[in-house]
Every structure is written in C-alpha cells, then in structure tokens.
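Contents: one structure, followed by commentary.
The values are calculated or read from the model by the stated rules, or taken from the named source; none is laboratory data. Bear in mind that the values here come from a model prediction, so they are computed numbers and not experimental data. Note: ideal-geometry Cβ built from the backbone for every residue, glycine included; neighbour counts use all protein chains shown.
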Amino acid sequence: MMANMMRGSRRGVAPLAAVAAVLLSVPADADAQNRRRNREPTVPPPSITEYKPRSTLKVPEHPVPRAKYPVVDVHGHPPLLNDTANVRRVVEAMDRLNIGVMVQARGSQGERLTSQIETVRSMGLGHRFVFFTTLNLREVGPGSGAEIAAQLERDVAAGAVGIGEISKGFGLFYTKTDGTRLALDDPELDMVWKTAGRLGVPVFIHTGDPAEFFQPHDYNNERWLEMAIFPNRQLNDRSRFPTFDELMAERDRMIARHPETTWILAHMSWYANDLARLGALFDRFPNVYAEVGAILYDLGRQPRTARKFFERYADRILFGKDSFQPDEYPYYWRVFETEDEYFDYYRDYHAFWKLYGMRLPDEVLRKVYFENARRIIPNMPRAPFRGVTGDAQAGNGPHPTASMARK
Ligand SMILES: [Zn+2]
C-alpha cells in the first residue's frame, strides 16, 4: 500500500495529501507503544546485581597508593588499640598509606579509653594516634547532662582530645528514660556541649543517614540496592523516624545554641550530593566543620563542582575514612589528587556509577589532609608532619574555641 502511494506521489499533489492523511490517522500512542516494544530485550535482562559491564574506555590512569602529604584521619575506626598486635598492624598500614595520625573515633571511654592511650604510648607510638571519648547518650533523663559532662571532664583529663564519633543512634534510635526519642536539641544535653566548648575539644557527630534512606524504597531510589541488602537502613517509617530535614533542623538548633563549641559533622552531614546546602550551613555557623568519610561517591560524580566547593571552603573540610579498610584509602587519594576519569568506586551498593578525579590544588590538599585537623583538635602530635611543606603554618592557627590547643 505504501509503495502504491509513493508511486502515486510522483504523479501530483493530491496523492501526497492522501499519504499525510493515512499517516496522521495512526494513533500516536500506538506508535509510541510499537517503538517501546521494539526496544524490549529479546532475552531475559540481568538483574541489578548481575549486570557488570566491562568498561572499554581507554584513558590515562594514575592510581595513588600513598597520599601526597601526611594525613590526619579524623574518622578512624581501627580495632581497639589496647592490643599491641592491633597497633602494629594499623601503624604498618598507616605508614604505607601516609596517614600521619589517626583519630580513634571508636566508642571508648573510661578504662577502655585509657588502656588504649597507655598501650600506644608504651609502644612509643603516642605520636601516631589521638583519642576521642564517647558519650553515653542512652536513657537520658533528669541529671544525665551533669553526669555525662563529668565523664567528659574525666576523659579529657585522661588524654581524650575530642568527643566522638557520636553515633547516628543519637537522633534516630536513642530514647529517654520516659521512653520518647531523644531529640538532638534536648536541653538536658546543653551542659555537655557547653563543657566541650569550655574544654576546647571538638564534637564529632554523625547525624542521620543518606536522605534516600528516608524515602520510599522504590525503583527511583538511588540507594535501592543498599536498602534492599540492609533493610534496617530504611528510615522511611514515619511512625518511628523523623524526616531527614526534621533531623537536620534539630541538629542545627543544637549547634545554634552552642557557638563556642567546635562541631565536626561526619559524612559531610550527608549533604555531599547537595554541596550548596553544606555551604549554607558553613556560612551560617563558623564553628562547623565537615568530614568526608564514606561519601566519596558523591564527590567523585561531580568533580568540578566539588573542586570549587573544596577551594571555597578549604578551611572547613577534614579528611576521614570511617571503616578501617586499608585498601580503600587510595580511592580517596585518587579522587582528591588526580584528574582521572571514569574509574571504579570500592563499594557497589553505595553507588552504581564511576568516579572522576577533582585534582585539588596542593594548598587545599594540605588543609584537608592535615592542617585543619591540627588547628581544631587540641594537642595534635607534630612529629609526623615535620618538614612537610606548609608545616610552618600548621598547628599555630588560632581557633576561638580551642583553648587547649593554645596551651
Ligand atoms: Zn564512623
């Protein structure tokens, strides 16, 4: 029929109009349906966990096994360091990766804290570790604030130089003695944050989880796979959990009441996919810093935006890794130091995309890797940074809240 019409078209205008009329008479949605049907796989498609395409891209590759400058890992979760074999194993990895100082941010207080401090000192490795103390924020009730603040004073006197990591349980799971959820801005804890400010020790706090965990677990959710592997990471039950934004607003009210306290927000406050939001937070609170642990997938998918952000807020960003897997650190060095393209990330359930390098300028790298940490964490060891370019400035910058750092 079409062939007849095409032949007819050579004869004059009228048959052309007939062709148009026939084409227009085909319903548009049927047409679209046909096209879609033609694109369906002709064999059963793989599942999300089965499809692992090999990249055919050939571009220069610059793996970075060792950081360019000595690093302070402010979000260290090494094993307990009251065991000399553990300490030796961790230091061996730190030497290889060029981590100068690791902050022990694993929950430790009292004897568990002091036994670790004693162990690393007795091994002559006191210059490679600093220790944060943990607060017991479970079952908070009247009088808890004073008790927790007293424990904090004892632990700082024993050598702790910060608080943390405060777990995401605070805000999500911890309850008060009356059974209600402990809100981040609960006034009972004001005394604790005030004490931290007076002692000059930073508060390292992990709040919430990626915003997608608070959303419905559907096929449009960026974290579908992770939420399927770990159903307990789903925070979308509104009868149990506040929304992501409610939680962050609570946290911001707590920070707003304590301008003398230094706050380090773990995981860039889960704003790494919305850096403008983190920038607004930095602009609002000069006493707030952020740490980059476990959000590398977000920086590595926006290398240009992230680089501009790091340049602008170079004084506010700290390196941290979170889980202690020595072979994962080089992915961070590569994103920060190179401009490599389209390379693998280390955890496929965090992100199904590839990473790109930000190639940060040296002065930004030094701030993020060690200078900022040495400025805001009191009593940071100097030895691992001796002779490093920029060391003359490091550790001497005054900070309004770090009274201990000036001693
Ligand atoms: Zn952590």
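Things worth noting here:
- Matching option when the condition is among the charged types (D, E, K, R) and more than 20 Å from residue 263 (Cα to Cα), among 165, 188, 226: 226
- Positions within the stretch 193-213 being touching a residue at least 60 places away in the same chain (Cβ under 8 Å) and polar (S, T, N, Q), in sequence order: 207
- Condition check for residue 51: among the aromatic types (Phe, Trp, Tyr), at pLDDT 95 or above and under 33 Å from the mean Cα position of the chain (by Cα): no
- Residue in the stretch 329-378 that is surrounded by the most Cβ atoms within 10 Å (Cβ to Cβ), counting only those that are among the β-branched types (Val, Ile, Thr) and either in a loop (DSSP other than H, G, I, E, B) or touching a Pro at 6+ places or on another chain (Cβ under 7 Å) (or both): 377
- Qualifying residue in the stretch 331-343 (condition: within 16 Å of the ligand (Cβ to nearest atom) and of a type outside the set (Gly, Ala, Ser)): yes
- Within the stretch 222-266, tally of residues that are in contact (Cβ under 8 Å) with a residue 40 or more places away in the chain, under 20 Å from the mean Cα position of the chain (by Cα) and within 20 Å of residue 376 (Cα to Cα): 5
- Flag if residue 101 is under 19 Å from residue 328 (Cα atoms) and either touching a residue at least 24 places away in the same chain (Cβ under 8 Å) or among the small types (Gly, Ala, Ser) (or both): yes
- The listed residues are 57, 97, 80, and the only one of them that is modelled with pLDDT of 95 or more and within 16 Å of the ligand (Cβ to nearest atom) turns out to be 80.
- Of all residues in the stretch 285-326, those that are crowded, with 17+ Cβ neighbours inside 10 Å and either of a type outside the set (Asp, Glu) or touching an Asp or Glu at 6+ places or on another chain (Cβ under 6 Å) (or both) total 28.
- Number of the exception - residue 110 against (1) within 16 Å of the ligand (Cβ to nearest atom); (2) at pLDDT below 95: (1)
Yes/no per residue for (1) among the small types (Gly, Ala, Ser); (2) surrounded by 23 or more Cβ atoms within 10 Å (Cβ to Cβ):
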residue	(1), (2)
179	yes, no
183	yes, no
192	no, yes
198	no, no
209	no, no
213	no, no
220	no, no
226	no, no
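- The residues of the stretch 228-237 that are of a type in the set (A, V, I, L, M) and surrounded by fewer than 15 Cβ atoms within 10 Å (Cβ to Cβ) amount to a single one, 229.
- Residue within the stretch 330-353 that is more than 29 Å from residue 92 (Cβ to Cβ) and within 14 Å of the chain's Cα centre (by Cα) present: yes
- Of all positions in the stretch 124-138, at least one carries a residue that is farther than 25 Å from residue 83 by Cβ and either of a type in the set (Val, Ile, Thr) or away from the ligand (no atom under 16 Å from the Cβ) (or both).
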